[in-house]
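The values are calculated or read from the model by the stated rules, or taken from the named source; none is laboratory data. This structure is a prediction, so every number in the text was calculated from the model and none was measured. Every residue, glycine as well, gets a Cβ built from its backbone with ideal geometry; the counts of neighbours run over all protein chains shown.
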Amino acid sequence: MVLLYLTYVLLATFFQIPFGIDHMNVAREYLKHSPKDLGVANAVTAIVVNFRGFDTLGEVTVLFLASTGLGAILFRRREIHTMLNPRRTSVVASRIVQVAGKFLFPLIVLLGAYVFIHGHLTPGGGFQGGVIIATGYLFLLLAYRQFAIRHSVVTWVESLAGATFAGLGLTGIILGKQFLQNFLPAGTLNDLLSGGIIPLIYIAVGFKVAAEITGILDTVLSIGVEVNEQTQTQTQKNE
Amino acid sequence: MVAANPIYYIALPLLTAFLLPLFGKLHKELIRIVPGLLFAYLAWMSFVLINQVMTTGQPIVVQIAGWKPPLGINLMFTPFSGFLVAFINILAFLVWLYSYKFKKVEFDNALKYFVLLMLITAGSTGVIVTGDLFNQFVFLEITAISSYSLTAFYRGRDGAEAAFKYLLIGSLASTFVLLGILIIYTQLGTLNMADIARNIDKMPQSLKIAAFLLLFVGFGIEAEMFPMNGWAPDAYSQAPGPIGAVFASMTSKAGLYALLRLSFTIFDFSVASKLLFVMGLLTLIFAEGIALRQERIKRMLAYSSIGQIGLIMIAFSFNTYLGFFAGIFLMLNHALIKSLLFFSASFLVYNSPQKYIRDLNGFGKYMPLTAFLFGLGAFALVGFPPLSGFWSKFYLVTAAADKNMIFLVVVILSVAMVELVYYFRVLHRLYFAEPTGEYEPKRPRWNAALAMILLAVVILAIGIYPDMVTGYIGKAAHAIMDKAGYIQSVLAR
Amino acid sequence: MNRPKLKLRKMNSLEYLKIVLYTTSILLIIIGLYAVVIKRNLIKIVLGLSIVDSGVNLLFILMGYISGGTAPIFSPAVMEKIQAGQSVSMVDPVPQALVLTAIVIGFGVTAVALALVIRLYKHHKTTNIDEIRNLKW
């Protein structure tokens with residue numbers, strides 16, 4: 001079958017790439033400059049936010065696009081009060097889940113905040129931390145049917161956080177340097193306040209990712225309600 | 001603070017797109033006005049930058065985050081990429097002008113529409129102006145996701161289906177591109193285009209071929225190359241009218257640019273040109289053939305657009321100065337003319353639910369301006385003088401004859417005949433058929449009419465005085481041929 | 001294209017690891033492609049896309065491994081070692097950064113895909129892709 005042939009071709013091609021061999025080129029320079037010039041301990045963070053920060057800007061835009069696209073495709077009408085329409089899930093969550101949700105939610109948010117604030121010191125960063133916070137919200141959304149996310153808050157956080165990222169980049173230009181260039185002092189390595197604008201950017205990214213993913217989850221979960229209602233009304237109308 | 005810097009092409013639309021929901025909360029009309037201001041500024045900046053690049057002859061290299069390439073990402077505003085970016089952004093302004101009073105959607109969706117419009121422009125610009133391969137992939141994804149959302153914009157069910165098909169094929173494309181980038185990175189350790197071009201010989205041959213094919217197919221899908229362009233007609237016909245213009249002029253150009261940069265600057269295969277030629281020819285013949293059978297006007301325009309892209313690929317595959325010159329001129333004309341055609345066609349079939357051509361009986365009387373503009377666009381596309389399409393076809397034929405490809409000249413001329421046939425069908429219905437009175441014609445409002453008239457004026461102007469643009473195009477053609485110069489301007493700083 | 005011959009006796013652990021890891025990720029890609037092309041249920045198709053993304057990202061990360069290398073973080077422990085004059089080998093950080101971006105992009109595409117599936121379901125009341133093939137040539 002075609003698939004077997006394809007498998008063979010892919011295997012044959014990629015097996016030629018040696019595994020575990022050191023062929024770093026640009027990466028060597030990154031590892032050299034990251035602790036010295038930027039004061040950032042986590043080299044991956046330095047790459048994501050500074051050396052290849054432009055990619056991250058694009059990535060943040062993709063997330064924004066996903067939530068905008070979802071809004072465009074699903075026509076969520078204004079603020080359906082899910083207080084009055086508590087049919088988000090078909091089964092009521094058990095008492096254990098509800099209590100655990102209330103207890104764990106602040107801990108999850110704390111963990112997420114820790115991850116994205118310390119992105120330049122430990123593994124992790126804005127995206128990882130934001131997703132952790134979003135899972136906290138997901139927990140609550142699934143546990144409590146009446147729990148509603150106010151989309152206006154989500155929109156504000158999204159927009160402001162995204163604007164902060166782009167704004168920090170443009171500030172570099174205003175101060176006479178290049179876009180996204182670091183204009184705050186690098187500080188000492190492994191300090192919380194090191195790395196110039198890198199932790200600032202990552203904090204903005206963390207907020208943005210958390211807000212966006214929570215918004216996406218909420219949009220999709222509340223659409224479930226609409227589909228149930230609409231299938232009833234549409235079999236009556238003539239589509 | 002520098003007023004004209006290529007980074008603004010991307011940073012400003014992104015900033016505005018992020019802030020537009022907040023502007024909307026301030027005052028509803030701001031949602032329609034702010035993008036216009038942005039596009040006007042970018043259009044002005046395009047003129048300034050293009051003049052700068054053309055007079056100094058040096059490309060503008062922007063080092064992002066202050067790191068020199070190949071350490072950092074850089075933007076390359078060469079005569080070639082700059083020319084494309086310039087007319088994309090000027091066209092974006094015209095698209096905004098056309099859709100300014102987009103009455104078909106209420107407040108919430110107008111917001112999404114303008115956000116997506118800004119982001120698709122920024123995405124296409126990013127693909128063209130970047131000098132880093134992975135960055136190109138990221139911007140390609142931005143463009144793609146905006147396109148999916150815009151295709152599904154209307155409430156009908158066909159939009160979602162077209163968008164889903166587009167999404168499936170587009171994701172396949174991005175997978176291929178990622179795999180290609182993977183191979184290149186593991187062998188050369190860098191992602192900067194100039195650096196890759198410099199070190200390309202260090203790759204073993206089989207891996208080089210694999211990477212090239214993967215990237216070629218991946219970018220080719222976005223550029224509507226045969227045979228992976230099944231998504232295109234559906235997407236063009238289901239998207240809102242101005243978005244069809246955006247697809248034709250911006251996103252396909254972005255994919256095409258990536259293909260060209262890949263074939264001529266990064267890789268050094270001589271077989272790349274032959275591959276371009278064959279694929280271009282296939283694209284052209286299939287697209288124009290199927291366009292004949294179309295009964296719906298937007299699908300017809302979509303297939304015509306794909307055919308034009310095939311023509312552009314053929315032009316570039318000649319690998320001579322004349323070929324590049326013709327190719328770039330064709331790109332410019334394709335963007336201008338197709339935009340005009342989509343703009344006018346969108347009004348012509350406004351009230352017809354299925355957008356059939358036969359619904360257009362006699363509209364020439366009721367909508368004289370729109371019908372006339374459509375006719376102008378059609379004639380320009382086929383290549384009648386004194387419209388701009390004539391010059392691009394002329395240069396193409398010259399380039400082909402220069403390489404002694406007489407059979408190709410025959411093919412091009414017969415394809416022009418085919419185009420004439422199916423466009424004339426529409427014009428026949430517009431002017432010579434009796435109106436059935438079934439559908440109400442819809443007159444365009446002042447802003448849409450203004451946008452269309454501006455396009456028509458430009459097409460006419462270039463047709464009468466092609467020297468307006470031939471200077472720019474000549475420099476651009478030299479730029480894309482000059483691989484060593486590209487590498488030097490990036491790395492020798 | 002020469003496929004490296006498998007010497008079953010003389011392989012060291014690195015070679016063995018390479019075969020297993022590469023094959024796994026490529027199998028993931030193939031399984032995902034199979035789901036996209038062959039399966040008829042819309043949601044399974046989107047799942048297939050997601051699996052392909054996972055496979056590609058996995059392959060990408062694998063390419064960054066350098067044997068004997070540690071995580072590319074200059075923690076205090078690592079800095080001590082460097083100051084003591086020992087050389088520290090680190091894994092390539094660039095594929096990790098690239099995959100971070102690629103995962104987020106894949107998530108965005110999946111979200112849009114699922115939104116489209118929801119809309120298609122609302123209109124057609126079925127998730128079978130054959131019923132939905134409305135637009136033809």
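A few notes on this one:
- Residue that is surrounded by the most Cβ atoms within 10 Å (Cβ to Cβ), among those in region A:153-183 that are within 22 Å of A:Leu221 (Cβ to Cβ) and more than 8 Å from chain B (Cβ to nearest Cβ): A:Val154
- Restricting region B:138-175 to residues that are more than 9 Å from chain A (Cβ to nearest Cβ) and under 17 Å from C:Ile103 (Cβ atoms) leaves a set whose member that is surrounded by the most Cβ atoms within 10 Å (Cβ to Cβ) is B:Ala144.
- Being part of a helix (DSSP H, G or I), surrounded by 15 or more Cβ atoms within 10 Å (Cβ to Cβ), away from chain A (no Cβ under 11 Å) and at pLDDT below 90 holds for only one residue in C:Ile51, C:Ile61, C:Ile45, and it is C:Ile61.
- Residue within region C:114-127 that is at the interface with chain A (Cβ under 8 Å from one of its Cβ atoms) and either over 29 Å from B:Phe153 (Cβ atoms) or touching a residue at least 24 places away in the same chain (Cβ under 8 Å) (or both) present: yes
- Candidates A:Val9, A:Val26, filtered to the one that is at pLDDT 75 or above, among the hydrophobic types (A, V, I, L, M, F, W, C) and more than 34 Å from the chain's Cα centre (by Cα): A:Val9
- Pairs with Cβ under 7 Å, 6+ apart, first in region A:16-33 and facing chain B (nearest Cβ under 7 Å), second in a helix (DSSP H, G or I) and surrounded by fewer than 17 Cβ atoms within 10 Å (Cβ to Cβ): A:Gln16/B:Ser206
- Test result for A:Leu140, free of Cβ contacts under 8 Å to residues at least 40 places away in the same chain, more than 9 Å from every other protein chain (Cβ to nearest Cβ), part of a loop (DSSP other than H, G, I, E, B) and of a type in the set (A, V, I, L, M): no
- Among the residues of region B:233-271, the one identified as crowded, with 24+ Cβ neighbours inside 10 Å and not in a helix (DSSP H, G or I) is B:Ala239.
- Taking region C:64-94 as the range and being facing another protein chain (nearest Cβ under 7 Å) and within 17 Å of A:Asn25 (Cα to Cα) as the test, the residues that pass are C:Tyr65, C:Ile66, C:Ser67, C:Pro72, C:Met90, C:Asp92, C:Pro93, C:Val94.
- Of all residues in region B:232-265 being of a type in the set (D, E, K, R) and modelled with pLDDT of 85 or more, the one that is farthest from B:Thr143 (Cα to Cα): B:Arg261
- If the condition is being of a type in the set (Lys, Arg) and at the interface with another protein chain (Cβ under 7 Å from one of its Cβ atoms), then region A:37-77 contributes only A:Arg52.
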